[in-house]
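The values are calculated or read from the model by the stated rules, or taken from the named source; none is laboratory data. Worth saying up front: this structure is predicted, and the values here are computed from it rather than measured. Because the Cβ atoms are built from the backbone with ideal geometry, glycine has one as well, and the counts that use them run over all protein chains shown. To get the accessible areas, we keep the full protein, side chains included, count just its heavy atoms, and leave off ligands, DNA and RNA. Shrake-Rupley method; radii C 1.70, N 1.55, O 1.52, S 1.80 Å.
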Amino acid sequence: GQNIDQPTEMTATEGAIVQINCTYQTSGFNGLFWYQQHAGEAPTFLSYNVLDGLEEKGRFSSFLSRSKGYSYLLLKELQMKDSASYLCAVRTGGGNKLTFGTGTQLKVEL
Amino acid sequence: GAGVSQSPSNKVTEKGKDVELRCDPISGHTALYWYRQRLGQGLEFLIYFQGNSAPDKSGLPSDRFSAERTGESVSTLTIQRTQQEDSAVYLCASSPRASGSNTGELFFGEGSRLTVL
């Protein structure tokens, strides 16, 4: 089976930096995705990692270590609108099936 | 349309009734997924269609749940004899085949909110 772990909740201050961790135990790893989901809305794609290292996209960066089964999403210069749930998802096998973690609810405060 | 379309957006039904939820994927996307999201929870995988391959039904919670897809187009998720525990948002997503620079990311619809009384 597959196991994907994320913290349930995090709180951070506007303008600060926050790191959301994700650990996974899977067979046939074939990529890791981060999605953002605002309350009552559909998830939207943030980032993708398949090789070890850091992928940067504006204020958001994502890191992957395949040997450690570990990823993190880094959000810089936090804004109130970044308050949302952040979902880590792992792709396995030769197809495109994604298994999601339970998500991390981030609250950005003044 | 340009995105994944789901209907109905909201459905209230009585316990024991059957419901059908529809998903129209993005044109040209070979893969289609159904996920369930209970209030305050993560996404629970239900079923995955990839082209003409046999669907991966490993996430369907019971034999009351079934889904069909016609070719690479519309999909219908059917829940028979609904129970209160079936109340959730049912999210559909589609994706192109991952190749080259294409990550194969999922594009989600807005979901169908099901309430079983």
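Here is how the numbers come out for the structure above:
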{"item": "Cβ neighbours within 10 Å from other chains - mean over A:99-109", "result": "2"}
{"item": "Cα-based reach from A:K81 at 18 Å (exclusive), listing aspartates and glutamates while leaving out same-chain residues under 8 positions away", "result": "A:E9, A:E14, A:E41, A:E109"}
{"item": "Chain A - convex hull of alpha carbons, volume per residue in Å³", "result": "94 Å³"}
{"item": "Gap separating the Cα centres of the range B:1-65 and the range A:35-110, nearest whole Å", "result": "22 Å"}
{"item": "Straight-distance crosslink candidates among aspartates and glutamates, where the alpha carbon sits under 13 Å from B:K17 and sequence neighbours closer than 8 are dropped", "result": "B:D86"}
{"item": "Accessible area per residue in Å² at 1.4 Å probe, computed on chain A", "result": "47 Å²"}
{"item": "Hull-based mean projected area of chain B, where the convex hull spans the alpha carbons, in square nanometres", "result": "7.3 nm²"}
{"item": "Whichever lysines have a C-alpha closer than 19 Å to that of A:K76, once near sequence neighbours (fewer than 8 apart) are set aside", "result": "A:K57, A:K107"}
{"item": "Average beta-carbon neighbours from other chains, 10 Å sphere, peptide A:89-95", "result": "3"}
{"item": "Highest-first arrangement of A:57-65, B:27-35, where packing means the average Cβ count within 10 Å", "result": "B:27-35, A:57-65"}
{"item": "Cα Rg, Dmax (largest Cα-Cα span) when computed across the range B:1-55, Å", "result": "13.4, 37"}
{"item": "Within 10 Å of each Cβ in B:44-57, the average number of Cβ atoms from other chains", "result": "2"}
{"item": "Cβ-based net charge around B:C23, under 15 Å, with every Lys or Arg adding one and every Asp or Glu removing one", "result": "0"}
{"item": "Residues B:S7 and B:Q41, FRET efficiency given R0 of 25 Å [Cβ-Cβ distance, rounded to 0.05]", "result": "0.65"}
{"item": "Binned Cα-Cα distances of the range B:39-100, short to long, each 5 Å bin given as a whole percent", "result": "4, 14, 26, 24, 18, 9, 4, 1, 0"}
{"item": "Descending principal axes extents, the protein assembly as shown, alpha-carbon based, whole Å", "result": "49, 40, 35"}
